[in-house]
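Following this message is one structure expressed as structure tokens.
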Amino acid sequence: MLAQAVATGRPLIPVFVLDAQAEVLGAAAKWRLGLALAHFSQVLARLGQRLILRRGDPLAILQDLVAETGAAGVMWQRMYDPQAVARDTAVKAALKAKGLVAESFPGALLIEPWEVATGQGGFYKVYSPFWRAVSARGFAAPVPSVTSMCTPDVWPASDNLADWQLGAAMRRGAAVCLPHQRVGEAKALARLDEFIEESVERYRAARDFPGQIGATSGLSENLAWGEIGPRTIWAAGQRALHEGAAGAEHFCKELVWREFAYHLMHHSPQILTQSWRDGWEGFAWRGDNPDAEAWRRGMTGEPFVDAAMREMYVTGRMHNRARMVVASYLTKHLLTDWRVGQAWFAECLTDWDEAANAMGWQWVAGSGPDAAPYFRVFNPAGQAEKFDSDAAYRRRWLAEISPKPGPDALSYFAAVPERWQLRPRAAYPAPIVTLAEGRARALAAYAARDGA
Ligand code: FAD
């Protein structure tokens with residue numbers, strides 16, 4: 001989008017509007033948005049530009065800015081969630097009605113969700129044929145980064161980012177979570193290079209082992225904040241593939257899971273809030289409950305689950321294998337509604353992505369498209385044995401089970417609220433449910449639904 005705006009040859013005024021939708025982001029996402037904005041402002045300043053910050057109703061703000069500056073139009077990068085689509089459609093219509101240019105551009109995805117359809121003209125509900133269809137088409141090449149732009153003679157006023165207090169609900173942010181973030185385009189590109197150089201070769205074999213640091217790209221954090229585009233990642237993956245890197249195709253396939261999530265959200269936006277498969281809304285999941293609270297606090301007594309929950313609280317991220325295991329444990333062993341888990345991920349993740357999060361939760365719960373079959377109950381102990389056989393991941397995050405806890409395990413206790421009353425040297429809790437009981441209860445509930 002920026003490249004197209006630069007190509008107009010007119011002065012540009014980069015604007016970020018904090019609207020009602022951004023106001024309700026989870027604590028970690030809102031804090032991470034603040035880091036992204038601060039960094040982007042600095043990058044623009046080095047180009048002699050400014051980032052104009054305004055808070056409130058986007059249409060009113062844009063109309064004010066047009067009146068103040070005499071701008072001929074507004075251009076923005078498209079978003080795909082239903083609220084953003086409704087907002088942007090209304091903004092576009094209102095600006096156009098005033099004779100202004102109002103244009104939205106792709107960039108956040110490899111392919112627009114409506115550009116691919118099944119042979120019958122519907123949307124894909126299963127990943128493999130989606131992958132075959134989109135990978136056969138290929139994708140547009142990435143656009144080079146912008147290095148110069150025309151500036152206006154007079155800048156409109158901007159809010160002060162600090163006044164927005166985007167980190168207010170994230171008290172652990174600067175002290176604990178910050179060292180785990182890589183903010184900005186330059187760091188995202190370096191992360192991609194590093195991954196392609198050092199890890200893509202072993203990606204397929206190593207990506208499932210959460211103790212293997214650097215085995216996956218970590219790029220979800222930067223994708224979530226628009227600090228790198230998927231086309232740049234795809235192009236790097238394809239180059240590695242043509243150079244014979246063993247894990248490159250698998251990496252590209254994972255990137256396309258993200259596209260699938262957006263395809264699903266576009267065609268069935270109810271995936272964000274309702275069980276996607278027919279007949280699942282009445283399933284016997286429990287609402288929020290004390291076991292779910294133990295899950296949120298990383299205190300279930302199930303080491304692999306607790307390690308993962310603490311990883312997320314400290315870093316804002318969680319390994320993909322661990323996401324599947326904790327989601328299965330919550331929805332199956334604890335028989336708790338997937339939306340309880342979805343909401344906690346939204347609160348804690350700095351790579352939070354509405355589409356990928358909803359698809360991931362519903363996939364694990366069994367209520368989503370192309371979902372894991374209901375009888376697939378991940379056994380956290382078995383998963384730990386298989387994917388963390390040397391216990392490196394569990395020891396990294398659980399101070400209670402380690403004679404000499406490392407800095408990550410200890411940082412969890414520095415991060416949690418005092419009212420949780422967690423102490424690193426306390427005894428590790430007994431399991432809140434035995435794996436056999438939890439599994440039996442889940443299978444009984446799922447079988448009852450199936451017979452319904
Ligand atoms: P890599 O393995 O390096 O993969 C490269 C890219 O491919 C990722 O950055 C991501 O954009 C995409 N990708 C990989 N796996 C998936 C997947 N299963 N679904 C969609 N895209 C994928 N991902 C998010 O970005 N945000 C979320 O909020 C989110 N919530 C999830 C919740 C649950 C319950 C589950 C099971 C998965 C969730 N995922 C989410 C997907 C996945 O766990 C992360 O994308 C992945 O762990 C990111 O790490 P990475 O960047 O190192 O991935």
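The values are calculated or read from the model by the stated rules, or taken from the named source; none is laboratory data. This one's a predicted model, so the numbers in the text were calculated from it and none came from an experiment. Heads up, the Cβs are rebuilt from the backbone with ideal geometry, glycines too, and the neighbour counts pull from every protein chain shown.
Tell me, which helices (runs of 4 or more DSSP H) lie completely within the stretch 11-89 with 3 or more residues that are among the charged types (D, E, K, R)?
Because the criterion is at least 3 residues that are among the charged types (D, E, K, R), the helices (runs of 4 or more DSSP H) in the stretch 11-89 that meet it are 27-46.
Still on this structure, I have one more. Going by the conditions given, is Ala28 surrounded by 14 or more Cβ atoms within 10 Å (Cβ to Cβ) and touching a residue at least 60 places away in the same chain (Cβ under 8 Å)?
Details: surrounded by 14 or more Cβ atoms within 10 Å (Cβ to Cβ): yes; touching a residue at least 60 places away in the same chain (Cβ under 8 Å): yes.
Considered against the rule, which asks whether it is surrounded by 14 or more Cβ atoms within 10 Å (Cβ to Cβ) and touching a residue at least 60 places away in the same chain (Cβ under 8 Å), Ala28 comes out as yes.
Considering (1) within 11 Å of the ligand (Cβ to nearest atom); (2) over 23 Å from Ser217 (Cβ atoms), say which one Ala327 fails and leave the rest.
(2)
Looking at Gly244 and the list (1) more than 10 Å from the ligand (Cβ to nearest atom); (2) part of a loop (DSSP other than H, G, I, E, B); (3) in contact (Cβ under 8 Å) with a residue 12 or more places away in the chain; (4) surrounded by fewer than 17 Cβ atoms within 10 Å (Cβ to Cβ), which single condition is not satisfied?
Condition not satisfied by Gly244: (3).
Identify, from the list Phe251, Phe260, the residue that is within 28 Å of Trp397 (Cα to Cα) and either at pLDDT 95 or above or within 13 Å of the ligand (Cβ to nearest atom) (or both). First the steps, then the outcome.
Working: Phe260 fails: within 28 Å of Trp397 (Cα to Cα).
Just one listed residue meets the conditions, Phe251.
Return the residue satisfying two criteria in turn: it lies in the stretch 269-288 and is polar (S, T, N, Q) and more than 16 Å from the ligand (Cβ to nearest atom), and of such residues it is surrounded by the most Cβ atoms within 10 Å (Cβ to Cβ). Before the answer, list the steps.
Here is the first cut: in the stretch 269-288, the ones polar (S, T, N, Q) are 270, 273-275.
Restricting the remaining residues to those that are more than 16 Å from the ligand (Cβ to nearest atom) gives 270, 274.
On the way: Gln270: 11, Gln274: 15.
The qualifying residue surrounded by the most Cβ atoms within 10 Å (Cβ to Cβ) is Gln274.
Let me ask something else about it. Whether any residue in the stretch 353-360 is assigned by TED's automatic domain parsing to the domain that holds Glu437, more than 10 Å from the ligand (Cβ to nearest atom) and touching a residue at least 40 places away in the same chain (Cβ under 8 Å) is what I want to check.
Restricting attention to the stretch 353-360, the residues satisfying the condition of being assigned by TED's automatic domain parsing to the domain that holds Glu437 are 353-360.
In the following step, the residues that additionally are more than 10 Å from the ligand (Cβ to nearest atom) were identified as none.
No, the stretch 353-360 contains no residue that is assigned by TED's automatic domain parsing to the domain that holds Glu437, more than 10 Å from the ligand (Cβ to nearest atom) and touching a residue at least 40 places away in the same chain (Cβ under 8 Å).
Take the stretch 202-212 and flag every residue that is surrounded by fewer than 17 Cβ atoms within 10 Å (Cβ to Cβ) and more than 11 Å from the ligand (Cβ to nearest atom).
Arg202, Ala205
So which helices (runs of 4 or more DSSP H) are wholly in the stretch 369-452 and hold at least 1 residues that are among the hydroxyl-bearing types (Ser, Thr, Tyr) and more than 27 Å from the chain's Cα centre (by Cα)?
On the way: elements: 380-387, 392-397, 407-415, 435-451.
By residue number, 435-451.
Across the stretch 355-367, what is the total count of residues that are in a loop (DSSP other than H, G, I, E, B) and surrounded by fewer than 24 Cβ atoms within 10 Å (Cβ to Cβ)? Even if it seems obvious, please write down each step before you answer.
Pass one, the stretch 355-367, residues in a loop (DSSP other than H, G, I, E, B): 366-367.
Now restrict to residues that are surrounded by fewer than 24 Cβ atoms within 10 Å (Cβ to Cβ): none.
Final tally of qualifying residues: 0.
May I pose another question? For the stretch 46-59, which positions are under 15 Å from Pro156 (Cα atoms) and either without any contact (Cβ under 8 Å) to a residue 12 or more places away in the chain or touching a strand residue (DSSP E or B) at 6+ places or on another chain (Cβ under 9 Å) (or both)?
First, the residues of the stretch 46-59 that are under 15 Å from Pro156 (Cα atoms): 48-55.
Correct list: Leu51, Ile52, Leu53, Arg54, Arg55.
Return only the number of the condition from (1) in contact (Cβ under 8 Å) with a residue 60 or more places away in the chain; (2) closer than 25 Å to Trp234 by Cα; (3) basic (Lys, Arg) that Arg87 does not satisfy.
Every listed condition holds for Arg87 apart from (2).
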